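Q: Got a structure for you, questions after.
The values are calculated or read from the model by the stated rules, or taken from the named source; none is laboratory data. For clarity, every value in this text was computed on a predicted model and none was experimentally measured. Positions of Cβ are backbone-derived with ideal geometry, glycine not excepted, and every protein chain shown enters the neighbour counts. Side chains are part of the model used for accessible areas, which takes the heavy atoms of the whole protein and leaves out ligands, DNA and RNA. Shrake-Rupley method; radii C 1.70, N 1.55, O 1.52, S 1.80 Å.
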Amino acid sequence: MAIIVQKFGGTSVADVERIRNVAQHVKREVDAGNQVAVVVSAMAGETNRLVGFCNEFTVRDESEYDTVVSTGEQVTVGLLALALQEIGIKARSWLGWQLGIRTDSTHSKARIEGINAEVILEGFTRGEVAVIPGFQGVTDEGRISTLGRGGSDTSAVAVAAALKAERCDIYTDVDGVYTTDPRIVPEARKLQKVGYEEMLEMASLGAKVLQTRSVELAMKENVRLQVLSSFQDTPGTLLVNEEEIMERRKVTGIAYSKNEAKVTLINVENTPGVAAKIFSPLADSEINVDMIVQNVSEDGLKTNVTFTVPKTDLQKALEALDAAQKKGELVYGKLLSDSNVAKVSVIGIGMQSHAGIAQTMFSTLASKGINILVITTSEIKISVLIDEESSDDAVRMLHAAYELDKKPKRVE
Ligand code: ADP
Ligand code: ASP
Ligand code: MG
């Protein structure tokens, strides 16, 4: 008897009919003789609605935010348990704290530290399907926490790791991981298999089909992860170790993120330790800084520093820098920001051994007059920051330029 974890995202549980459809997917695994834990998200749009309520207040308290936004998942676990019982399957719903889904105290983007698998396993011995809410946990202080947007993927992988499940199937509204977001590029191709490292880059660079942390965790805990559709009965995408991929391209995929904002500090004193002075207040406010460029003036005395932060953290970042200036910890001339930017990235393990990938990217963008504001690279990706309005076009053009719409050839 195998243990299977299934996860259904917001669109898959958007209404009662769809929840009944999910129950059929669960029934299929139960009928095959498996023990099943199902992780569900809130109904589509519900978490946004709850976030909207919190944003109406002038105070921000992350733990109260978590108390509110975690409730969407409480509704769907209960409804799915009812849908399962309706078709004769023994099932019960749980909440995060009842399963000891312990997290750290970083409210609104907490990390899972452990799960009490015993409780779920006991349910299995009673013949019950466990219906588990994604996204939520509990801190050591006994407060409800949430894992950041898209966090139900991570809940599912953590449950699979704790149960040593044979598989973790992530059901969503697309039937797998594509070369890029199929909503932007209809010609995008489904990847039968994708390497953990490439998937990690794609997710962290904006491909929201899997939350980044879920890929990280699957890689670390060796969870067999699969992405597939809850609406179509087609084979999905399997995450595998890089060496299992026989057919590969120089570029595997293209990702984009519109949750970006650019911050520029003008005329910062160019002294040793200045970067630390800029980035410490941001780190203290738990803001992730991403792309960074520094231009030193000709006389070497002043420097301009540009970097990006998530758009959702822009206000907090500006406040932290302003406060550091007021305290005399940091001296700069001017503080500028722009939230009309997007990051477009080209990802592929194959680029390590092939020249010209960056050149193709830059010349493709130049041919359409798209200006590059910032560039960053790693061994397996190149990212550029451009105007937000150009980002969909950029993704389409790059997808065509790297011939991602064509069948892959074997690359040595
Ligand atoms: P769920 O609610 O099931 O968690 P999400 O909306 O979080 O679903 O993720 C699925 C969406 O991810 C798809 O609808 C698609 O638009 C988007 N997406 C972005 N990049 C990719 C990609 N490379 N492959 C597949 N889907 C992608
Ligand atoms: N409901 C949460 C969100 O919308 C978690 C998830 O769907 O994965 O972000
Ligand atoms: Mg998601």
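Q: Quick check: the angle from helix 212-221's long axis to the longest principal axis of the chain, C-alpha only, nearest 10 degrees?
A: Helix 212-221 and the main axis of the chain meet at about 60 degrees.
Q: Okay, helix-only estimate at 222 nm for the chain: each DSSP H run of n ≥ 4 adds -39500 (n - 2.57), divide by all residues, round to 500 deg cm²/dmol; what do you get? Before the final figure, lay out each step's value.
A: Details: 12 runs with 136 residues, N = 412.
It lands at -10000 deg cm²/dmol.
Q: Restricting the count to DSSP beta bridges whose residues both fall in the chain, what percent are antiparallel, rounded to a multiple of 5?
A: Values: 44 of 71 bridges.
Bridges in the chain are about 60 percent antiparallel.
Q: Can you tell me how the chain classifies by the Cα gyration tensor, rounded, prolate or oblate, using a/c under 1.5 as the rounded cut?
A: oblate
Q: Continuing with the same structure: Mind checking the dipole of the chain: about its Cα centre, +1 per Lys or Arg Cβ, -1 per Asp or Glu Cβ, Debye to the nearest 20?
A: 640 debye
Q: Another one. Please tell me the relative contact order of the chain in percent, rounded to the nearest whole number, where contacts are Cα pairs under 8 Å and at least six residues apart. Walk me through the numbers on the way to the answer.
A: Values: 896 pairs, mean separation 56.3, N = 412.
That works out to 14 percent.
Q: Let me ask something additional. Taking the alpha-carbon centroid of each part, what is the distance from the stretch 59-103 to the stretch 27-41 in angstrom?
A: The distance from the Cα centre of the stretch 59-103 to that of the stretch 27-41 comes to 17 Å.
Q: Still on this structure, please answer the following. Could you state the accessible area per residue of the stretch 56-123 in Å², with a 1.4 Å probe and every protein chain left in place?
A: On the way: 3450 Å² over 68 residues.
For the stretch 56-123, the solvent-accessible area averages 51 Å² per residue.
Q: Can you tell which of Leu301, Leu82, Leu335 shows the greatest fluctuation in a Gaussian network model of the chain with Cα springs below 10 Å?
A: Leu301
Q: A follow-up question, please. Could you list the residues of the stretch 130-152 with an amide nitrogen less than 12 Å from a label point located 7 Å from the Cα of Ser63 in the Cα-to-C-beta direction?
A: 139-145
Q: For the stretch 158-312, go through all pairs of different Cα atoms, get the mean of 1/r, take its inverse, and jot down that Kirkwood value in Å.
A: 18.2 Å
Q: Turning to a different aspect of this structure: Keeping the other protein chains in place, figure out the carbon and sulfur percent of the accessible area of the stretch 153-307, with a 1.4 Å probe.
A: On the way: 3230 of 6960 Å².
C and S atoms contribute 46 percent here.
Q: Write down the accessible area per residue of the stretch 204-289 in Å², having rolled a 1.4 Å probe over the full set of protein chains.
A: Numbers: 4080 Å² over 86 residues.
Dividing the accessible area of the stretch 204-289 by its residue count gives 47 Å².
Q: Pairs Lys220/Lys316; Lys109/Lys258; Lys343/Lys406: which are spaced more than 28 Å apart, C-alpha to C-alpha?
A: Values: Lys220/Lys316 32 Å; Lys109/Lys258 19 Å; Lys343/Lys406 24 Å.
Check vs 28 Å cut-off fails for Lys220/Lys316.
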